[in-house]
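Data block below; observations after.
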Amino acid sequence: MTIRHNSVIHHYGFTRGMQPLKDIKKIKLALKATGSQSREAKVGEKKGGLRHRLDSEDALVEKHNNTVAKSHGSERKLTAEMKKLLSENRQLKKKTAALQNQIEILNEMLEGIQTNYQISAEASVNLLSDLEYNKYKSRFVDIDIECYPGQEKLKEYGKNIKDFFLNDMHCSYLYINCRGITEDLKNLLTITISKKQKDSASFDFTRSRVYYFDLEDMDLPERKLGRIIIGRYPYKSMEKDCDFDKRIEAEILITKRLLEKCILEIQNKELAIKDALTGLHSRKFLIERLTEEFNSVDLFSKLNAHESAVLKMIMKSEGVASSIIRNQFLSKQKTRNEDILNRSLHKLKSSHMIDVGNVKYAGELQECYYFENSKISYDLYLAILDLDHFKDVNDNWGGHSVGDRILREFADIIKKNIRTTDIPVRYGGEEFIILFPRSINYSRIFSVLNTIRLICEKKLTVSWNGKKRNVTVSIGVTQINKFDMNINYIINRADAALYKAKKKRNRIIMSSQNDEGDLIYH
């Protein structure tokens with residue numbers, strides 16, 4: 001305060017020793033004014049600081065508001081874009097659904113086209129065969145035995161097939177073999193040819209594709225009439241090769257049916273002539289009659305899928321405890337529902353297809369099941385008879401005329417030694433079948449067949465250029481059994497027995513099956 005007062009005194013021109021009373025008030029007023037100015041200066045400074053801070057806060061608030069406004073704008077923009085995308089997604093779903101419907105329609109149209117194509121192809125094959133057959137139908141019995149009207153047509157087909165696959169389909173290899181079921185028709189047509197492809201820009205010569213198709217007898221598919229083998233180089237374009245693969249398979253199937261029809265046409269004409277010569281039933285008659293006989297005793301035709309499954313298990317495991325059958329059935333059917341098994345067992349018991357016994361298993365007495373085979377009690381036997389070395393008779397002992405005489409005499413031997421209820425059939429070439437329905441026992445069947453064999457051995461003879469030889473017969477025979485699911489089973493089993501008999505000739509072999517289904521010959 002002293003400093004301030006001195007400064008004030010000096011400011012107004014006073015000296016330290018002079019202090020009049022009237023000036024003291026002035027001095028006080030000056031001091032008050034000076035203090036007031038100082039306070040105002042401080043307040044001003046504070047106000048300035050507060051105003052600066054307020055301006056800074058306003059700037060921050062404005063900046064924050066701008067950021068919020070921008071974020072709201074971005075959110076609105078994103079929402080609009082999201083709505084747009086959702087709308088586009090809905091439109092795409094509608095378009096996808098429409099395209100899917102169009103694809104389904106196109107697939108249905110394609111299936112229809114393929115079906116129509118298949119039908120037209122089969123119709124064309126049938127038409128070709130019918131046109132060829134009708135030329136000879138009215139007088140087929142009078143055709144000379146050495147003339148096969150369809151063989152020239154088959155060779156013409158072979159030439160066209162060769163040109164089509166090698167030139168039009170760009171295949172590199174073709175093998176075709178056609179044969180009938182008789183000795184005279186063993187080699188109807190054989191084609192083996194290869195061709196080099198030079199178009200390296202289109203084909204991949206580092207790989208190859210081969211197609212194998214067997215020609216089958218329509219009456220008995222297990223009997224093969226030949227084979228088609230076709231090889232080609234694949235296209236480098238996978239898409240093009242895939243499309244071409246479907247096309248060539250379709251073409252091979254059409255070719256397969258055409259050749260099968262032609263082979264059967266030739267074969268049936270030859271068989272018709274031989275059937276007329278022997279006076280026996282035809283192969284077609286055998287198939288129809290045997291199917292009828294088989295169905296009359298076929299247990300499975302009377303059962304549903306579950307009942308058939310249970311019966312097959314019991315057939316394979318007769319005398320096994322019921323718990324084992326139950327576990328096998330539930331495991332195979334992938335179910336825990338035992339009601340299905342119980343209903344199936346009830347149906348089999350009530351139909352007298354199975355018998356129930358008792359067996360000790362795991363220390364307990366349990367039920368066991370036994371199969372009651374009505375097929376065995378039915379006693380249907382089938383024998384296949386094949387003349388030994390018959391091709392040699394045709395080739396070296398007087399030709400087809402002598403062969404025809406042997407066939408007639410052999411047919412007469414069969415007819416004289418069987419019952420009127422037995423069914424003799426010329427099955428093909430030198431093969432004959434005798435069906436023995438409702439026979440009492442095998443000993444009688446064996447007696448009839450052995451009589452036929454002995455008569456052939458003694459009386460069926462051929463002579464040529466001063467030489468004479470006997471024509472013997474080999475025979476395979478079997479009985480219908482529980483394992484036979486259709487007529488092919490019994491025919492194939494008899495054929496297997498015949499194959500065994502042909503190894504030593506002039507004998508009878510019986511084929512049967514044990515409980516495990518294995519073939520036994522005796």
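Counting the residues of the stretch 478-522 that are under 19 Å from Ser439 (Cβ atoms), within 28 Å of the chain's Cα centre (by Cα) and of a type in the set (A, V, I, L, M) gives 3.
Of all residues in the stretch 339-374, which are touching a residue at least 60 places away in the same chain (Cβ under 8 Å) and either closer than 16 Å to Arg326 by Cβ or of a type in the set (Val, Ile, Thr) (or both)? Before the answer, list the steps.
The first filter runs over the stretch 339-374 and keeps only residues touching a residue at least 60 places away in the same chain (Cβ under 8 Å), leaving 371, 373-374.
Scanning the stretch 339-374 gives no hits.
Going by the conditions given, is Thr96 under 60 Å from the mean Cα position of the chain (by Cα), part of a helix (DSSP H, G or I) and not assigned by TED's automatic domain parsing to the domain that holds Arg247?
Details: under 60 Å from the mean Cα position of the chain (by Cα): yes; part of a helix (DSSP H, G or I): yes; not assigned by TED's automatic domain parsing to the domain that holds Arg247: yes.
Against the criterion (under 60 Å from the mean Cα position of the chain (by Cα), part of a helix (DSSP H, G or I) and not assigned by TED's automatic domain parsing to the domain that holds Arg247), Thr96 qualifies.
The residues in the stretch 432-460 that are in contact with a Ser or Thr (Cβ under 9 Å, 6 or more places away or on another chain), aliphatic (A, V, I, L, M) and over 12 Å from Ala383 (Cβ atoms) can be counted, and the count is 1.
All but one of (1) of a type outside the set (Ser, Thr, Tyr); (2) surrounded by fewer than 21 Cβ atoms within 10 Å (Cβ to Cβ); (3) within 21 Å of Ser401 (Cα to Cα) hold for Met485; state the number of the condition that does not hold. Of (1) of a type outside the set (Ser, Thr, Tyr); (2) surrounded by fewer than 21 Cβ atoms within 10 Å (Cβ to Cβ); (3) within 21 Å of Ser401 (Cα to Cα), only one is false for Met485: (3). Residue pairs whose Cβ atoms lie under 6 Å apart, separated by 6 or more positions or on different chains, with the first residue in the stretch 419-435 and in contact (Cβ under 8 Å) with a residue 24 or more places away in the chain and the second polar (S, T, N, Q), are Arg426/Thr278; Gly428/Thr182; Gly429/Thr182. Of all residues in the stretch 488-522, those satisfying the criterion of being crowded, with 20+ Cβ neighbours inside 10 Å and not in a helix (DSSP H, G or I) are Ile508, Ile509, Met510, Ser511. Residues that are farther than 21 Å from Leu253 by Cβ, of a type in the set (S, T, N, Q) and modelled with pLDDT of 70 or more do occur in the stretch 131-152.
Residue-level check: of (1) surrounded by 19 or more Cβ atoms within 10 Å (Cβ to Cβ); (2) assigned to a helix (DSSP H, G or I), Gly476 misses just (2).
Results for (1) among the polar types (S, T, N, Q); (2) modelled with pLDDT of 80 or more, shown as yes or no for each residue.
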{"site": "Asn373", "(1), (2)": "yes, no"}
{"site": "Tyr381", "(1), (2)": "no, yes"}
{"site": "Ala411", "(1), (2)": "no, yes"}
{"site": "Ile423", "(1), (2)": "no, yes"}
{"site": "Arg426", "(1), (2)": "no, yes"}
{"site": "Glu431", "(1), (2)": "no, yes"}
{"site": "Ile434", "(1), (2)": "no, yes"}
{"site": "Tyr442", "(1), (2)": "no, yes"}
{"site": "Asn450", "(1), (2)": "yes, yes"}
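The number of residues in the stretch 292-308 being modelled with pLDDT of 75 or more and either part of a helix (DSSP H, G or I) or under 30 Å from Lys416 (Cβ atoms) (or both) comes to 4. A Cβ distance below 7 Å, combined with a sequence gap of six or more or placement on separate chains, defines the contacts here; from the stretch 282-298, residues that are of a type outside the set (Gly, Ala, Ser) reach residues that are at pLDDT below 75 in the pairs Arg283/Asp219; Arg283/Leu271; Lys284/Asp219; Ile287/Asp219; Asn295/Ser301; Val297/Ser374; Val297/Lys375; Val297/Tyr378. Please verify whether Thr206 is polar (S, T, N, Q) and either loosely packed, with under 12 Cβ neighbours inside 10 Å or touching a Ser or Thr at 6+ places or on another chain (Cβ under 9 Å) (or both), treating the condition exactly as stated. Judged against the criteria, Thr206 is a match. Residue pairs whose Cβ atoms lie under 6 Å apart, separated by 6 or more positions or on different chains, with the first residue in the stretch 454-481 and assigned by TED's automatic domain parsing to the domain that holds Asn492 and within 21 Å of Ser511 (Cβ to Cβ) and the second surrounded by fewer than 19 Cβ atoms within 10 Å (Cβ to Cβ) and at pLDDT below 90, are Ile480/Lys375; Asn481/Gln513.
Would you be able to say whether some residue in the stretch 500-514 is polar (S, T, N, Q) and under 15 Å from Tyr427 (Cβ atoms)? It would help to see each step written out before you state the result.
Residues of the stretch 500-514 that are polar (S, T, N, Q), as a first pass: 506, 511-514.
Then keep just the ones that are under 15 Å from Tyr427 (Cβ atoms); that gives none.
Checked the stretch 500-514: no residue is polar (S, T, N, Q) and under 15 Å from Tyr427 (Cβ atoms).
If we only count helices (runs of 4 or more DSSP H) wholly inside the stretch 309-422, which ones have 1 or more residues that are under 34 Å from the mean Cα position of the chain (by Cα)?
On the way: elements: 322-333, 338-350, 374-378, 390-396, 400-417.
Passing ranges, in order: 322-333, 338-350, 374-378.
The values are calculated or read from the model by the stated rules, or taken from the named source; none is laboratory data. Since the model is a prediction, treat every value here as computed from it, not as a measurement. As a convention, Cβ positions derive from the backbone with ideal geometry for all residues, glycine included, and neighbour counts pool all protein chains shown.
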